[in-house]
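Notes to accompany the following structure.
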């Protein structure tokens, strides 16, 4: 989609969040196997919804006008492990 829409001035990007606090999140419900797995995240096991604010504002602003076809991981360092 990013390639097809670029000529029309439309950028297609994505945000890839990590696991978040929420009532349906297994780790938040006390699932120990999930807690051990995600506990190896450098920033801690769970993100907060507010952690997405900065990247969302960036993608909605003119600062990201030349960014196209990219997925930004907001994962507390999970992919950097």
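Projecting label points 7 angstrom from Cα along Cα→Cβ for residue 5 and residue 21 puts them 3.2 nm apart. Cβ-to-Cβ counts within 10 Å put 81, 43 in ascending order as 81, 43, the fewest first.
Read-outs throughout are calculated quantities, based only on the coordinates presented, and are distinct from any laboratory measurement. Remember, predicted model here, so these are calculated numbers, not experimental data. A quick note on method: Cβ atoms are made from the backbone with ideal geometry, for glycine too, and the neighbour counts reach across all protein chains shown.
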